[in-house]
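Reading through the structure tokens given below for one structure.
The values are calculated or read from the model by the stated rules, or taken from the named source; none is laboratory data. Predicted model, so just to flag it, every value in this text is computed and none were measured. Cβ coordinates were reconstructed from backbone atoms using ideal geometry, including for glycine residues, and neighbour counts include every protein chain displayed. Only protein heavy atoms, including side chains, enter the accessible area calculation; ligands, DNA and RNA are left aside. Shrake-Rupley method; radii C 1.70, N 1.55, O 1.52, S 1.80 Å.
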Amino acid sequence: LVTLCILIAAGAIGYSLWELATRIEHHVPILMYHKIGDGEDSVWWVTTADFESQLRDLKEQGYRSILPSDLFAHRRWGKWLPRKPVIITFDDGYLNCMENAEPLLRKYGFRGVCYLITGQISETPETRRTYEGAPILSWPEVRAMHGRGTVAFGGHTRNHANLRGMQDPYPEVRACYDDLRNIGGLKPAGFCYPFGQYHSKTPADVARAGFTTAV
């Protein structure tokens, strides 16, 4: 009887601590990158050296990366989060995400999420497209990166459309989701609004398309 009472008490304490942990407000910084490499002098480029320096600083300060899906699971089911979480994102799906960002993320023990303009992703590396002057990933490369586990992939619409200016953004968002599932064979890791713009009804369209998070 004493043992049972101790177990019940321990269970109650454990549940109370879990419930408290799920109610703690987490401030999660989200870092947005586009092109990583020694390209042009532009706000859309971060040099490889600067990117590594930033990752090193994050690690030294005790940050641990999570994905948007982890934050969703925390809010919905109380999934544990590290004490200092950070979300690292890459817009558009540039080849330099694989060539420059992925190795450095892996070196410092971080993960990231890359939001793809799915209409720009080519079937093969030989038919690679460019977007805003830089080469874009191909579907075989996306699948290979996903398999390595350092970078997850989400949607950034099919054509980088400004959803705020569209009367019905749902088809554009849904097409992106279908590309990720049907061509990429991926479970989409969330959505990112092109230009950071949307109107009041857009989040409902994003959810209806199948995405569970959006930034």
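Things worth noting here:
- Meets criteria (within 30 Å of Ser200 (Cα to Cα), part of a helix (DSSP H, G or I), among the acidic types (Asp, Glu) and open to solvent by 10 Å² or more (accessible area, probe 1.4 Å)) for Glu172: yes
- Residues within the range 194-215 that are part of a loop (DSSP other than H, G, I, E, B), open to solvent by 30 Å² or more (accessible area, probe 1.4 Å) and not charged (D, E, K, R), tallied: 7
- Scope the range 131-163; condition over 18 Å from Gly109 (Cα atoms) and part of a loop (DSSP other than H, G, I, E, B); matching residues: Glu132, Gly133, Leu137, His156, Thr157, Arg158, Asn159, His160, Ala161, Asn162
- Per-region count, the range 195-209, residues farther than 20 Å from Ile30 by Cα and either under 15 Å from the mean Cα position of the chain (by Cα) or among the basic types (Lys, Arg) (or both): 2
- Across the range 74-87, the qualifying residues are those that are open to solvent by 40 Å² or more (accessible area, probe 1.4 Å) and either assigned to a loop (DSSP other than H, G, I, E, B) or touching a Leu at 6+ places or on another chain (Cβ under 7 Å) (or both), and the one among them that is farthest from Ala152 (Cα to Cα) is Arg83.
- Count - residues of the range 113-130 that are not hydrophobic (A, V, I, L, M, F, W, C) and not in a helix (DSSP H, G or I): 7
- Selection status of Trp44, modelled with pLDDT of 90 or more, farther than 21 Å from Gly109 by Cβ and open to solvent by 80 Å² or more (accessible area, probe 1.4 Å): yes
- Of all residues in the range 88-132 being surrounded by 15 or more Cβ atoms within 10 Å (Cβ to Cβ) and polar (S, T, N, Q), the one that is farthest from Tyr33 (Cα to Cα): Ser122
- Asp178 charged (D, E, K, R) and buried (at least 19 other Cβ atoms within 10 Å of the Cβ): no
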